[in-house]
Every structure is written in C-alpha cells, then in structure tokens.
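Here's the structure, in structure tokens; my notes come after.
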Amino acid sequence: MQSFGTATGSPCCRRSAADEVIALSPSPIDAAALAEAFGREVEDAGAIATFTGIVRRDGGKDVEALYLDHAPGMTERAIRNAVDEAKARWPLVRVEVVHRIGKIPAGEAVVFVAAAAAHRRAAFEACDFLVDFLKTDAPFWKKQISRTGEEWIEPRAEDYDDRGRWR
Amino acid sequence: MVKVTFYGSLADAMGRERSIALGAPFLAVSAVIDRLAREDAAFSSALARTRVRFAINDEIAPADAIVRDGDRLALLPPFSGG
C-alpha cells in the first residue's frame, strides 16, 4: 500500500481498496437508478453522498441543451486520477463518477457522483471534491445551446474558488 | 506529420483534426500555433477569444515544449465539466 501526504501537508491514510466506477455516457443517465444500484453494491458503509448535476434552462437565456465535448483517453485518465486522489485522501468504500458527453437537453442529468464511507464527513467531502474537480480540471468543454444561439461557456470564478479549497 | 486535435470552441473553427508537416525535425508548440494562426483567419480569431493550453501525446505541455514528427498535439481551451 502506498502512503503519501495530501496537498494540505497532513498525514494521509493509505490508498483505499475502494470499488469504483468511472464512465462517460453518450446516452441519458438515470441518476435515481444509478444511486439505487450504487447503494446495492456498497457493503459496510454508514454514509453515501451523491450529487446530480442537471442542465438548467438558465432563466432568461432559455437554454435548450448543453453539448459536452471531451478528449477520449485524456478525459477518462483525468477522472481516474481524481478518483485515485479521493481514495487516498478519504477512507472510502466505493466511488462512482458517470458523466454525460454529447448533447444533453435542458432538465436532464449531466453528471452523477457518489461516494460511500463508514462515516458521513468522508462521504460528503469526497463527493464535493470530485464535483469541484469535474467543474474546472477535467477535460470537458461545454457549449450552451439556446434560442438565441450557441456559446462555449467557462467555469465561474466561484468554481475556481471551490476547486482551490482542496489544494 | 503532426496530428493536431482541436477541442471546444477551437474545433468549431478548425474541425476536429488536422495533420501538418513541421518542415523541420522539430518545432516549439508556439511556432506551430503561430503558423496555424497565420494560415487560417478563423483559427486566429478563435484563438484570440480564449486561453489555450497544450498537450503533446496526451500530456499537458507548455508553449515552449518541442513537437516532433509523429507527435500528437492537442489544443485545449479552458476545461468546463460537471
């Protein structure tokens, strides 16, 4: 087992043998079904934290869809590195990241993240860490499609700040 | 030849991929980009509207990194996922 310090300098637990699922999906994802299946696969966890990101209509922009571009190979590898970091930083039982690619209509799920641990703090933080990573540091590119046209969009300043919490 | 792959807004301007002849044993990434910008106004315009990072053979690389014949060069606008 490998042990190494975290970015904060505090001693890190050993890399866990947590189960993991990492997937890019070109077809719609059913977050409720994924959460249920995730729960069935978990043994001996006191806490499961999940996150579902959904395409917003974004008020006045009347967004019809998002288009998610990605870099095959590079994107999966980046997510795997983030999952490995989460497993090294927190004592996790199971982790799952399922991210849509391609065109996603408003109202549909873009991403599902789940983390299971013995106690809630690790589950909450690992899930939060992975979502913040996906927002700014995973090779995806997001185009917003609305009645008025198409626009490639970048993370907000808040997204970069959130990501910075974990460094 | 070097296979150049474009993502996000750059792919809208350039398509997904182009193969380019370096015309030399190796070139800095910045020199490849400068040449593409000189040859293609749509690329120059797209480049001006965003920050770009680079990857050589799927590894993030700085603008002064060297590209050799047979390498794959990816042009990466700011990531935005989730």
Legend entry - Some residue of the stretch A:101-122 being free of Cβ contacts under 8 Å to residues at least 40 places away in the same chain, crowded, with 17+ Cβ neighbours inside 10 Å and either more than 10 Å from every other protein chain (Cβ to nearest Cβ) or of a type in the set (D, E, K, R) (or both): no
Legend entry - In the stretch B:38-62, residue nearest to the other protein chains (Cβ to nearest Cβ) [restricted to those that are more than 10 Å from the chain's Cα centre (by Cα) and of a type in the set (Gly, Ala, Ser)]: B:Ala46
Inset, instruction - Considering every residue within the stretch A:147-164, establish whether at least one is in contact (Cβ under 8 Å) with a residue 60 or more places away in the chain and open to solvent by less than 40 Å² (accessible area, probe 1.4 Å). - result: no
Inset, instruction - Determine, yes or no, whether B:Ser45 is of a type outside the set (D, E, K, R) and either over 30 Å from A:Asp162 (Cβ atoms) or in contact with a Ser or Thr (Cβ under 7 Å, 6 or more places away or on another chain) (or both). - result: yes
Legend entry - Any hit, the stretch B:72-82, residues being facing another protein chain (nearest Cβ under 10 Å) and among the aromatic types (Phe, Trp, Tyr): yes
Inset, instruction - Just need a number here: residues in the stretch A:48-79 that are in contact (Cβ under 8 Å) with a residue 12 or more places away in the chain and within 13 Å of chain B (Cβ to nearest Cβ). - result: 17
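The values are calculated or read from the model by the stated rules, or taken from the named source; none is laboratory data. Only a predicted model underlies this, so the values are computations on that prediction, with no experimental measurement involved. All Cβ positions, glycine included, derive from the backbone under ideal geometry; neighbour counts span all protein chains shown. Side chains included, ligands, DNA and RNA excluded: accessible areas come from the protein's heavy atoms. Shrake-Rupley method; radii C 1.70, N 1.55, O 1.52, S 1.80 Å.
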